[in-house]
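Asks: Sharing a structure, written as structure tokens. Questions coming.
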Amino acid sequence: MNNNIQIATLGGGCFWCIDAAFRRVKGVLNVSSGYAGGEIENPSYQQICTGLTGHAEVVQLDFDSSIISYNTLLEMFFTLHDATQLNRQGNDVGTQYRSVIYYHDEQQKDEAEAMIAALQKQIREPIVTELSPLTHFYPAEQYHQDYYNENPNQGYCSILIAPKLEKFARYYADQLK
């Protein structure tokens, strides 16, 4: 077993965008869109869209920390969404779209706290990113997995995700596959 394999769980709005970006990163071995932080087991997309289950749309990343650090993944995460928007990202509104980091151990918690504190010094608006221990991750339905690559011409993908991926590629060109 490779001791460098770690897991990160991040939510920053619709998981399709976060999923698409992290699939392009060297050292990210697997990306799974799913749900975390809610009150019911194995929720469906329809259930979490009500905003009543308490789940957030998240991506869970398996990554090789000898290739990419958790801290670098956090930096990337914060470039992919607006951490000052409470329970929304753009036109996606609801608690399921909140900015959230679910940490897997105390080291991840400490690194996330330090990252948030450093970023907060650079901007006026308060960062509203939730920081919580991961209790359960539920993979989303199969049609949500790798959604952007499977549906690049779908309106949401071409209008909202494609420009974010272009910006992401400019910032992190040397770290992409």
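Asks: If a residue must be surrounded by fewer than 18 Cβ atoms within 10 Å (Cβ to Cβ) and either part of a helix (DSSP H, G or I) or touching a residue at least 60 places away in the same chain (Cβ under 8 Å) (or both), how many such residues does the range 100-110 contain?
Replies: 5
Asks: For the range 1-88, give me every one of the strands (runs of 3 or more DSSP E) that falls completely inside it and has 2 or more residues that are within 20 Å of T129 (Cβ to Cβ), touching a residue at least 12 places away in the same chain (Cβ under 8 Å) and open to solvent by 10 Å² or more (accessible area, probe 1.4 Å). Show your work before the answer.
Replies: Details: elements: 5-12, 28-36, 56-64.
It comes to 5-12.
Asks: Which residue is most open to solvent (accessible area, probe 1.4 Å), if the candidates are limited to the range 122-175 and must be outside any helix (DSSP H, G or I) and among the aliphatic types (A, V, I, L, M)?
Replies: Per the criteria, the residue is I123.
Asks: Give me a count of the residues in the range 111-121 that are buried (at least 16 other Cβ atoms within 10 Å of the Cβ) and among the hydrophobic types (A, V, I, L, M, F, W, C).
Replies: Narrowing the range 111-121 to residues buried (at least 16 other Cβ atoms within 10 Å of the Cβ): 111-112, 115-116, 119.
Filter once more, so that each one left must be among the hydrophobic types (A, V, I, L, M, F, W, C): 112, 115-116, 119.
Going through the range 111-121 one residue at a time, the tally reaches 4.
The values are calculated or read from the model by the stated rules, or taken from the named source; none is laboratory data. As the structure is a prediction and not an experimental result, all values here were calculated from the model. Cβ sites come from the backbone with ideal geometry, for glycine too, and all protein chains shown count toward neighbours. Please note that ligands, DNA and RNA were not included when accessible areas were found on the heavy atoms of the full protein model with its side chains. Shrake-Rupley method; radii C 1.70, N 1.55, O 1.52, S 1.80 Å.
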